[in-house]
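A.B. asks: Let me begin by handing over the structure; questions about it come next.
The values are calculated or read from the model by the stated rules, or taken from the named source; none is laboratory data. Note that the structure is predicted; figures quoted are calculated from it, not measured. Cβ placement follows ideal geometry from the backbone for every residue including glycine, while neighbour counts extend to all protein chains displayed. The protein model used for the area step is the full one, side chains on, heavy atoms only, and it has no ligands, DNA or RNA in it. Shrake-Rupley method; radii C 1.70, N 1.55, O 1.52, S 1.80 Å.
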Amino acid sequence: MKRVFDQSMYSTRLQAFYQPLIGFLPNLGLAAILLVGGRLVIDGSLTLGAFTAFYAYMLMLISPMRTLGVFLGMAQRAVASGARVFQIWTGHPR
């Protein structure tokens, strides 16, 4: 029972560290796009319409990518839980 608790705490600590990081990185990327794209528009090498379209497409892409990350984490937990249930069911605990 203590091993399960320790593994749960380890998983929770990892999630508490990586969840904000995963949420922050796309915003950092968007800031870089705004900075570089804004400079290109000011310099005249990129039109405002093209930059706006690119930025809108990037915003539309970020949400599914975050969702994919959440689903991959859930799938990993489900596989680990299924393996543990199978170990208990077959009588071969680690």
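A.B. asks: Please go through (1) among the aliphatic types (A, V, I, L, M); (2) out of contact with any Phe, Trp or Tyr (no Cβ under 6 Å at 6 or more places or on another chain); (3) open to solvent by less than 70 Å² (accessible area, probe 1.4 Å) for Val41 and return the number of the only condition it doesn't satisfy.
C.D. replies: Result: Val41 fails condition (2) only.
A.B. asks: What residue, of Phe51, Phe71, is in a helix (DSSP H, G or I) and in contact with a Gly (Cβ under 7 Å, 6 or more places away or on another chain)? Before the answer, list the steps.
C.D. replies: Values: Phe71 fails: in contact with a Gly (Cβ under 7 Å, 6 or more places away or on another chain).
After applying the criteria, what remains is Phe51.
A.B. asks: Please specify each residue of region 49-63 satisfying the condition of being free of Cβ contacts under 8 Å to residues at least 12 places away in the same chain, surrounded by 10 or more Cβ atoms within 10 Å (Cβ to Cβ) and not hydroxyl-bearing (Ser, Thr, Tyr).
C.D. replies: Ala50, Ala53, Ala56, Leu61
A.B. asks: Limited to region 1-48, what total is found for residues that are farther than 26 Å from Ser81 by Cα and in contact (Cβ under 8 Å) with a residue 40 or more places away in the chain?
C.D. replies: Count: 1.
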